[in-house]
Structure formats: C-alpha cells, structure tokens
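See below for the structure under consideration.
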Amino acid sequence: MNAASTADEFERNLSDYVYERSEEARAVRVGEKETSDQAAVVARYEALFTRSTLERLTQDVEGAAGSERERLERLKEACLGGLLSIEIAEASDALENAILNTEITFEDGSMPLRAGQARLAVLESYAGRDELGSIVTDGSAQHNERRLSLLEAAEQLEADLTGQPDPIVRNAELKQVDLFEVRDAVGRASSAVDNAYGARREDHLDALLGPEREDEPSSAHVSYIRRLSPLAGTYTKERAVEVCLDSLRAVGFDLAAEHRIKLDLEDRPQKNPRACVIASRPPDVVHLITRAQGGLADYEAFLHEAGHALHYAGCDPDLPYAFRRLARDHALTEIYAFLVESITREPEWHVRHFGLDDETAQRHADMAFLIETLLFRRYAAKLDSELRFWGDVGNARSHGPVYAELVSAASGFRYPASGYLADMDSGFYTADYLRAWVRTAQVRAALREQVGGNWWCDEATGEFLRELFREGTGPSNEDIADRLGFAALDTGPLESELGATYA
Ligand SMILES: [Zn+2]
C-alpha cells in the first residue's frame with residue numbers, strides 16, 4: 001500500500017482498511033478466532049496513515065466549505081485514528097488478549113473471565129452473584145495498570161497529533177457540543193426523575209432480586225436484573241428471534257429478507273454475549289451479532305442492534321464513504337438503536353407477543369422502564385465521572401473512589417472503585433449515548449403526535465426512519481432535534497417518560 005496522493009484515494013483505501021479491521025474484530029467477537037490480530041491489519045495499511053497525509057487533509061479541510069468540508073473533516077479524523085492505531089495496536093491487542101486469557105475460579109471450577117461475566121446475568125443465587133461478582137471484579141482489575149498505560153499513551157499521542165492538549169476540549173470540538181452543558185442537562189433530568197426511580201425500585205426490586213436483597217445491592221446484580229431474569233420463562237431465548245423479526249415487520253422492516261444484513265445468532269463459548277453490529281462496508285456488508293441467553297434483555301439487545309443495522313444498511317449507496325460509514329461520533333446511530341429497542345417498553349407489545357393480560361403487561365413494561373431509568377442515571381453519572389477523570393488526568397490513579405461514589409449514588413447499586421477504567425467508554429461515547437437518550441425521547445414524542453400511540457407497530461414509523469436512514473451518517477444527532485423543532489438539550493420528553501409512574 002502506497003501513500004494516498006489525494007483525499008479521494010485516501011477515502012477509497014480507508015474503506016478497505018475499515019473493512020479488514022471490522023472483519024477481524026468480528027471473527028474475534030463471535031469466537032471464530034481465539035486471538036485478536038488487529039496489529040497485522042494495521043501494519044498492512046501503515047503507508048495510508050502518515051503525518052504528511054494528515055497535514056494535507058488538514059489543509060484540504062481549511063480550503064473547503066459545506067458538506068465537502070465535512071467529508072474532508074471526517075477523512076482527517078479517520079487518518080488521525082489510523083495513526084493512533086499504528087502506535088497502539090500492539091498494546092491494545094495485548095490487553096484484549098490478556099483479558100481473553102484471564103481465568104477465574106468459581107465453585108471449584110475455572111472459567112474464562114468473559115464467561116464469568118456472562119454467567120452473572122443468569123446465576124440464580126443472590127449470594128452466588130455476590131461472590132462471582134467480586135471474583136470477576138478482581139479478575140478484571142488486575143489489568144488496570146495496562147488499561148491505564150494504554151489510555152495515557154493514546155492520549156499523549158492524540159494531543160501531539162492534534163495540537164490540542166486538553167482531551168475535553170478536543171472531544172467537544174469534534175462532537176460540536178459542550179460536554180459540560182450535556183452533563184448539566186442530563187444531570188438535571190436524572191434528578192428530576194428521582195422520585196419515580198425510587199418508587200419503581202421499591203415496586204420491583206424485591207420481585208427481581210428476592211426478599212434477601214440489600215438496600216443497596218452490589219453491581220454484580222445489575223446484569224441479572226437487566227435481563228429481568230425472573231421473567232425469563234416468558235421472554236425465552238427460543239422465541240427471541242421470531243418475536244423481534246415480527247416486531248420489525250410491524251414497523252415495515254423485513255430483516256430476514258434484507259440480504260445486506262448478515263445475522264449471526266449462534267451460541268459459541270467464546271462469543272461475547274454483548275450483542276453488536278459491525279458495519280464492515282455499509283450499505284452492503286453489515287453484521288448483526290447476538291447471543292441469546294434468555295430474558296427480555298435478549299429482545300432489547302436484538303432490536304437495539306437491528307436499529308443500527310437497518311441504519312447502516314439503509315443508507316443511499318451513492319453517498320460518499322464518509323457519509324455511509326464515518327461520523328464524528330455515534331450519537332446519531334444510537335438514536336435509531338434506542339428507538340427500535342424502546343418498542344419493548346410498550347405494554348401492548350407484551351400483550352401482543354406474549355399473550356399477557358393488561359395488568360401483567362403493564363407491570364413488565366414498567367420493569368423495563370426501571371431498567372431504562374437505571375441505565376440513563378448510570379450514564380449521566382458516568383459522564384460526570386469521566387469529565388472529572390479527564391479534567392485531572394494527572395491523578396488518574398486516585399479516581400476510582402470518585403467514580404464509585406457517583407455511579408453508585410445515581411443507580412442505587414454499589415459499584416466497585418476498581419471498575420473505573422473497565423467501565424470507561426473511549427472518546428466520551430457516554431456523551432453520545434446520553435445525547436441519543438434525550439433525542440430518542442423527542443423522536444418518540446414526534447411519532448406519537450404524527451403516527452399515534454401505535455407508532456411502535458405502524459409502518460408509518462418505518463417510512464419516517466427509512467427517510468432518515470437514506471442520509472446515512474451525514475446528519476449530526478443535533479440536526480435531528482432541529483428538524484423536529486426541539487432544542488438540542490430539551491430533556492422534557494425524556495423526563496416525562498421516565499418520570500411517569502403507573503398506578
Ligand atoms: Zn448501540
């Protein structure tokens with residue numbers, strides 16, 4: 001591979017590079033490959049990412065305007081990302097492989113750390129989850145030194161390449177949002193739903209965790225309640241695919257007939273239980289990967305990822321690559337994922353697919369709202385924590401207790417201080433999720449108005465989404481607010497959804 005001589009050539013080669021890296025990540029993710037070998041891919045493309053290419057793209061950006069400027073800006077960011085990867089791919093592979101190879105011991109048997117994490121979601125015993133939770137926490141924490149040095153190395157390099165030493169300013173410029181304003185707005189929304197969250201916890205936590213639960217249970221129980229495990233008899237893993245495909249058909253998407261989306265639903269021991277989409281080359285090659293364990297979470301995860309997959313597979317193939325695959329951040333695509341996922345919080349959906357009576361359906365949907373509120377509040381606290389971490393990164397090692405305090409207080413679950421690095425999303429992804437939370441509630445409010453209360457099973461919703469999908473990754477998250485006539489940080493719709501209580 002030679003150095004690209006023009007922005008267009010760079011864009012073409014970049015598309016091949018992203019494709020190869022995505023396919024490598026997919027193979028590891030689904031358990032087809034035991035070791036991650038991103039470094040080999042990066043090495044093949046070393047000539048694509050050079051400082052002189054970065055400089056040229058930076059100059060190109062300055063001479064351009066409108067959407068061409070935006071396209072070049074994204075190519076410049078991708079070049080920066082590639083340069084970073086060249087420097088850190090080996091260390092990053094080493095960390096990933098060390099985590100993959102970590103064995104823990106539980107109940108006289110040994111298992112991979114990742115299997116232990118997956119087991120937490122399905123382990124029936126409260127005491128057992130407490131015990132396994134702390135074993136998993138310790139198993140993960142032994143990699144903290146490595147995580148930290150990788151973070152520091154990446155940060156230093158990024159500061160050097162961009163000339164912007166402040167990671168918060170740099171990320172805010174890239175995302176074109178004020179991260180402190182986002183934090184304040186979602187912090188206020190989180191506080192505004194304090195009472196509703198407290199009441200829902202009281203209503204459902206005994207049923208979800210059993211009467212022996214503590215007032216503030218350990219975070220070891222979160223993946224278990226996220227799955228709504230006691231209801232797993234209703235939300236079986238066997239029905240997940242069929243019900244989700246049906247739910248998508250109701251809004252006008254036939255996922256099974258959509259040849260661009262490759263479904264991987266198999267159960268393999270090393271397959272990461274977290275569902276994901278890998279958009280190797282949108283719109284033609286988009287992988288949707290899940291591993292059902294049973295429980296409502298399977299349905300939520302499948303529909304969430306279907307939202308991403310339909311977005312990437314639904315873009316206009318004639319768009320430049322920069323608007324099919326690249327974005328300044330993930331805050332746009334998360335809107336679509338959140339929206340499709342939220343179908344599972346409609347009480348009627350539970351009646352229709354699971355034959356529940358109205359009252360039971362309402363109670364189950366309300367439990368799903370409990371989980372949703374827990375996650376939103378946890379993320380609002382995570383953003384606060386991450387802003388403090390990066391604002392005082394010189395004292396990174398002492399950040400654990402701050403993280404634990406903030407996230408535990410917001411969620412009502414005891415998070416371990418040692419999780420502060422494993423629980424941190426790179427590039428302030430946390431803020432992308434939060435912007436999507438705010439935006440999706442606005443979109444639902446608009447759909448209720450335009451389509452009606454049955455927006456979640458009306459093909460008009462599919463039409464609305466298809467129009468947006470066609471634009472690919474072009475618009476920003478905030479552009480969607482503009483089109484709907486909402487202010488970017490108007491958390492009113494979100495607060496009224498999460499703050500409403502059913503009686
Ligand atoms: Zn997502």
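The values are calculated or read from the model by the stated rules, or taken from the named source; none is laboratory data. Not measured: the values here are computed from a predicted model. When we count neighbours, we look across all protein chains shown, and the Cβ atoms used for this are built from the backbone with ideal geometry, even at glycine.
For residue 306, the stated conditions do not hold, so it cannot be described as buried (at least 24 other Cβ atoms within 10 Å of the Cβ), in a helix (DSSP H, G or I) and away from the ligand (no atom under 16 Å from the Cβ).
Considering only residues in region 322-356 that are more than 13 Å from the ligand (Cβ to nearest atom) and acidic (Asp, Glu), the one that is surrounded by the most Cβ atoms within 10 Å (Cβ to Cβ) turns out to be 346.
Kindly indicate whether residue 167 is over 22 Å from residue 21 (Cα atoms), of a type outside the set (D, E, K, R) and modelled with pLDDT under 95. So residue 167 does not fit the description; no. Of all the residues in region 408-429, those that are within 16 Å of residue 186 (Cα to Cα) and free of Cβ contacts under 8 Å to residues at least 40 places away in the same chain number 1.
When region 260-279 is filtered for residues that are part of a strand (DSSP E or B) and buried (at least 21 other Cβ atoms within 10 Å of the Cβ), the ones remaining, listed by number, are 261, 277, 278, 279.
With respect to the conditions (1) surrounded by fewer than 21 Cβ atoms within 10 Å (Cβ to Cβ); (2) farther than 27 Å from residue 173 by Cα; (3) of a type in the set (Gly, Ala, Ser), residue 391 falls short on a single one, namely (2). Filtering 356, 387, 375, 319 for residues that are more than 30 Å from residue 19 (Cβ to Cβ) and assigned to a loop (DSSP other than H, G, I, E, B) leaves a single hit, 356. Taking the residues in region 223-237 that are in a helix (DSSP H, G or I) and not basic (Lys, Arg) as candidates, determine which candidate is surrounded by the fewest Cβ atoms within 10 Å (Cβ to Cβ). Result: 230.
Residues that are of a type in the set (Gly, Ala, Ser), modelled with pLDDT of 95 or more and touching a Phe, Trp or Tyr at 6+ places or on another chain (Cβ under 9 Å) within region 4-21 comprise just one, 15. Considering region 31-115, the qualifying helices (runs of 4 or more DSSP H), each wholly inside and each with 3 or more residues that are over 18 Å from residue 327 (Cα atoms), at pLDDT 95 or above and not acidic (Asp, Glu), run over 51-62. Taking region 119-222 as the region of interest, the helices (runs of 4 or more DSSP H) fully inside it that hold 3 or more residues being within 22 Å of the chain's Cα centre (by Cα) are 126-141, 144-162, 167-175, 179-192.
Once region 332-377 is narrowed to residues that are among the aromatic types (Phe, Trp, Tyr) and under 26 Å from the mean Cα position of the chain (by Cα), the residue that is farthest from residue 481 (Cα to Cα) is 349.
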